[in-house]
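One structure is given below, encoded as structure tokens.
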Amino acid sequence: MTSRRDFLQKAGLSTLAVSLPFTDALSAMSLEREDKVLRVAIMGLGSYGTRVAEAMKDCKRAKLVGVISGTPSKIETWQQKYGIPAKNCYNYENYHQIKDNPDIDAVYVITPNSLHKPHSIGVAKAGKHVICEKPMALNAEEGREMIAACKAAGVHLMVGYRMHFEAKTLEVVKKQRAGEFGKTLFFQGLSGFMIGDPTQWRLNRELAGGGSMMDIGVYSINGARYMLGEEPVWVTAQEVKTDPVKFKQGVDETITFQMGFPSGAVASCLSTYSMNNLDKFFLNGTKGFAEMQPSTGYGPIQARTNQGPIEAQHITHQTTQMEEMAAIILDGKKPLIPVDGEEGLKDLVIVDAIYEAVRTGARISLI
Ligand code: NDP
């Protein structure tokens, strides 16, 4: 059994303990723990930024302490709602001054896709850790620049891959790695929803960098990689457009794509902005299968295998993600499925190849 002395020593509080009663030492320890909290500013107070902020209310290791926004009225609302001091509020012109703010450790970039690169590099140059939403950038070249900038600045670069921490997803991945499905030879990923307002940035090539593939399609690319546990060696893809007014040149409505893997496994995927109820992963092996539907929505995720349903408590994805990202930055924890810049880059290399395959009709080699 751990003695009180061991306990205090482990907590690094033995010196304190001689002069403090036990209860006071405990509260000093919890203060020390509270010090190890990742203090986060959110950049881009839109729909997903709001979701992350709400989810962070339940975090113990990560705390929302700042904002970066182009909309003064939102800053005011967020200050009141989340108790954010004026000294931790910035806009896109002055956020570089965050480098002089010792009370912010990391910035979560949740702006439109084309701004991820400039904003992430700006944050890195200000010496703060970068958490960037998916897709990490518009293409692999941009992704490499971001990785280089974060490396040069000595800061973490992480991508908001919330599914990498989701309990049922991790259970399926562990079973696949343990060989419970035998040799996994087929993955199907269906990712789509019907997009509304035609004037939104997601349908503007300049800001989105494409269409459904740059948004929802990334889930199937990423899912194929973590469910099969390998990297693809070739890609083929086909585009279908039923509404060229809504989906202009360079904004894909629907793309089907296929990926081949070194083991001989193949993935068959669909990314669309024109169909609802598409959120399904299916993995098949020589000994069994896993099916997830919904597979990447905000949850609860449903998963079953040939052995039966997978049970796990639903926790708000963004809460778990921010707790785990805090542990990666503060404790050096290694996640089962990476969320670093290199991981984001792998998806971008595939996105580039998918667009090239659509353009050329060719099978694109990734090796
Ligand atoms: P929103 O349009 O709701 O919010 C984006 C915010 O970015 C705006 O509210 C605005 O905030 C800021 N912004 C800065 N410059 C511009 C600009 N030129 N045009 C529009 N907005 C601008 O988008 P989402 O929150 O839905 O998406 C943001 C990012 O998050 C995307 O990259 C998306 O892919 C990702 N995302 C990820 C999800 C996930 O599950 N991981 C889910 C949904 C989105 P302000 O006024 O404060 O400056």
Could you identify the single residue in Ile367, Ile301 that is in a loop (DSSP other than H, G, I, E, B), β-branched (Val, Ile, Thr) and over 22 Å from the mean Cα position of the chain (by Cα)?
-> Ile367
Quick one: Ile329 ticks every box in (1) within 22 Å of the chain's Cα centre (by Cα); (2) away from the ligand (no atom under 16 Å from the Cβ); (3) not in a helix (DSSP H, G or I) except a single one, so which number is it?
-> (3)
State whether the residues of region 255-267 include one that is open to solvent by less than 10 Å² (accessible area, probe 1.4 Å), in contact (Cβ under 8 Å) with a residue 40 or more places away in the chain and within 15 Å of the ligand (Cβ to nearest atom).
-> no
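Okay, residues lined up against (1) among the small types (Gly, Ala, Ser); (2) assigned to a strand (DSSP E or B); (3) near the ligand (Cβ under 9 Å from one of its atoms); (4) at pLDDT 95 or above:
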{"position": "Val52", "(1), (2), (3), (4)": "no, no, yes, yes"}
{"position": "Pro102", "(1), (2), (3), (4)": "no, no, no, yes"}
{"position": "Ser114", "(1), (2), (3), (4)": "yes, no, yes, yes"}
{"position": "Gly127", "(1), (2), (3), (4)": "yes, no, no, yes"}
Can you name every residue in region 159-204 that is basic (Lys, Arg), buried (at least 17 other Cβ atoms within 10 Å of the Cβ) and out of contact with any Pro (no Cβ under 9 Å at 6 or more places or on another chain)?
-> Arg162, Lys175
Looking only at residues in region 134-158 that are open to solvent by 10 Å² or more (accessible area, probe 1.4 Å) and within 16 Å of the ligand (Cβ to nearest atom), which one is nearest to Gly332 (Cα to Cα)?
-> Leu157
Enumeration of residues in region 269-296 that are within 14 Å of Thr254 (Cβ to Cβ) and touching a Ser or Thr at 6+ places or on another chain (Cβ under 7 Å) | Cys269, Leu270, Ser271, Thr272, Tyr273, Ser274, Leu278
If you scan region 54-77, which residues turn out to be away from the ligand (no atom under 11 Å from the Cβ), farther than 23 Å from Lys99 by Cβ and open to solvent by 70 Å² or more (accessible area, probe 1.4 Å)?
-> Lys57, Asp58, Lys60, Glu76
Checked region 80-123 for anything free of Cβ contacts under 8 Å to residues at least 60 places away in the same chain, farther than 15 Å from Val40 by Cβ and crowded, with 18+ Cβ neighbours inside 10 Å; matches are His116, Lys117, Ile121, Gly122
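The values are calculated or read from the model by the stated rules, or taken from the named source; none is laboratory data. Predicted, not measured: the structure shown is a model, and the values here were computed from it. With ideal geometry, Cβ positions are generated from the backbone for all residues, glycine too; neighbour counts draw on all protein chains shown. Calculation scope for accessible area: heavy atoms of the full protein, side chains included, ligands and nucleic acids excluded. Shrake-Rupley method; radii C 1.70, N 1.55, O 1.52, S 1.80 Å.
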